[in-house]
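The values are calculated or read from the model by the stated rules, or taken from the named source; none is laboratory data. Just so we're clear, the structure is a prediction, and the values are computed from it rather than from any experiment. Don't worry about glycine lacking a Cβ; one is built from the backbone with ideal geometry, like all the others, and counts go over all protein chains shown.
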Amino acid sequence: MIFHDVQGERVPALGFGTYLLKGDDCVTGVHHALKLGYRHIDTAQSYENEAEVGEGLRLGGVPRAEVFLVTKLRPSNFARAADATRASLAALGTDYVDLMLLHWPKDEASVTAALEALAKLQADGAVRRIGVSNFPAKLVASASRVTRLFCNQVEYHPFLAQTRLLEQAEELDLLVTAYRPLAKGMLGDEPVLRDLGTKYGKTPEQVTLRWLVQQPRVATIPKSADPRRRAQNLDIFDFELTPVEMAAVAGLARGQRLVNPENAPEWDA
C-alpha cells in the first residue's frame, strides 16, 4: 500500500468506495475489502448505506484506529450539520469519522454554517478532518477561509485532467481523492493503457489506479460489487510506472467529465 502524508495524517492511497452498494452487497463488500487489506472506506449520507458500511466494519474485525473512514454531509443537511453528523456516526457504529466532506457546494452562507458546525465537532473529536467534494478551486479557497480543509474529493481519471485542483492541493496541503477513477469502464480500449498493462502483466484498469495513487497526495476509491475485481483493484503495488509512462497516461486527457448534474458548480475545466 502507498500512503500519503497530508497535514500529519497518513492516508491509504487506495480506498474502497461504496457508491450504489446496498444491503448485503454493501455489508459483504466492506467486510471483504477489509479482509483483502483495504484500510480506507468511503461512504456518504446520500448513498443511504452508512448502516451497512458500519456492519461491514464490525464484521471485518479491524481495529477502528486502523481504518480511515470517510463520509459526506448531503447539502440538504448543511443547516443541521451537527445533528446529521451525529446520525451518521450512529449509523456507522463509531464515535468519530476520520474525514467528513461537504458532498456538493451550496450557497456561501449554507457552506459557511456547515463548516463552522463541523469545526465544533472537530474540536469535540467527532470529526477528525474536514473537507469538501465537487468544489472547484474558487470555492475551495472560499471554504478554506472558514476552516482548515484536508481534502477535495472530485472526479479524476485519465480522460479528465484536474490540473488546477492538483496545483491548489499542493499550495494548501490538501489530499485529492479521485472518484470515478475508471471512467465507468471506458478505459479498457485505450492503447496506452493496454500496452502498459501488457508490459507489467496488469489490466488497463490496474494501470490507471496505479497512475492515480503514484501521484503525490492523490488517493482513489474504486467501487466494485465483484469480489474478484476488488482484489484486482488492490493488486497495484508490485510495479511502478516510469515518469515517461506517467506522462503518457496523463496525455489521454480530453476534458471528458462524466458527473455533471444540473446543479453542478462552474468547473475549473
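Please tell me if Arg217 is out of contact with any Pro (no Cβ under 8 Å at 6 or more places or on another chain), in contact (Cβ under 8 Å) with a residue 60 or more places away in the chain and closer than 17 Å to Phe135 by Cβ.
Judged against the criteria, Arg217 is a match.
Quick test for you: out of Leu193, Leu149, pick the one residue that is in a loop (DSSP other than H, G, I, E, B) and either at pLDDT 95 or above or under 16 Å from Arg257 (Cβ atoms) (or both). From the options Leu193, Leu149, the qualifying one is Leu149.
The residues on offer are Val176, Val213, Val192, and the sole one that is over 18 Å from the mean Cα position of the chain (by Cα) and over 21 Å from Leu20 (Cβ atoms) is Val192.
Within region 90-118, being buried (at least 20 other Cβ atoms within 10 Å of the Cβ), out of contact with any Asp or Glu (no Cβ under 6 Å at 6 or more places or on another chain) and either modelled with pLDDT under 95 or not in a loop (DSSP other than H, G, I, E, B) (or both) holds for Val97, Leu99, Met100, Leu101, Leu102, Val111, Ala114, Leu115, Ala117, Leu118. What do you reckon, is Leu69 buried (at least 16 other Cβ atoms within 10 Å of the Cβ), more than 20 Å from Pro181 (Cβ to Cβ), modelled with pLDDT of 95 or more and under 15 Å from the mean Cα position of the chain (by Cα)? No: the conditions fail for Leu69.
Among the residues of region 200-233, the ones that are assigned to a helix (DSSP H, G or I) and hydrophobic (A, V, I, L, M, F, W, C) come to 6 in all. Within region 170-190, the set of residues being surrounded by fewer than 13 Cβ atoms within 10 Å (Cβ to Cβ) and assigned to a helix (DSSP H, G or I) comprises Glu170, Glu171, Lys184, Gly185. Within region 38-65, being of a type outside the set (Asp, Glu) and in a loop (DSSP other than H, G, I, E, B) holds for Tyr38, Arg39, Thr43, Ala44, Asn49, Gly61, Val62, Pro63.
Pairs meeting the criteria (first residue in region 47-58 and closer than 13 Å to Ala33 by Cβ, second residue polar (S, T, N, Q), beta carbons under 9 Å, at least 6 apart or on different chains) are Glu52/Thr18; Glu52/Thr43; Val53/Thr18; Val53/Thr43; Val53/Thr71; Gly56/Thr18; Gly56/Thr28; Leu57/Thr94. Within region 234-269, the set of residues being surrounded by 15 or more Cβ atoms within 10 Å (Cβ to Cβ), part of a helix (DSSP H, G or I) and touching a residue at least 60 places away in the same chain (Cβ under 8 Å) comprises Leu234, Val249.
Report whether or not Gly201 is in contact with a helix residue (DSSP H, G or I) (Cβ under 6 Å, 6 or more places away or on another chain) and either surrounded by fewer than 16 Cβ atoms within 10 Å (Cβ to Cβ) or not hydroxyl-bearing (Ser, Thr, Tyr) (or both).
Judged against the criteria, Gly201 is not a match.
What pairs can you find where one residue is in region 78-89 and within 16 Å of Leu101 (Cβ to Cβ), the other is assigned to a helix (DSSP H, G or I) and basic (Lys, Arg), and their Cβ atoms are less than 9 Å apart, with a gap of 6+ or different chains? Filtered contacts from region 78-89: Ala82/Lys120. Of all the criteria given as (1) without any contact (Cβ under 8 Å) to a residue 60 or more places away in the chain; (2) in contact with a Phe, Trp or Tyr (Cβ under 7 Å, 6 or more places away or on another chain), the one not satisfied by Ala65 is (2).
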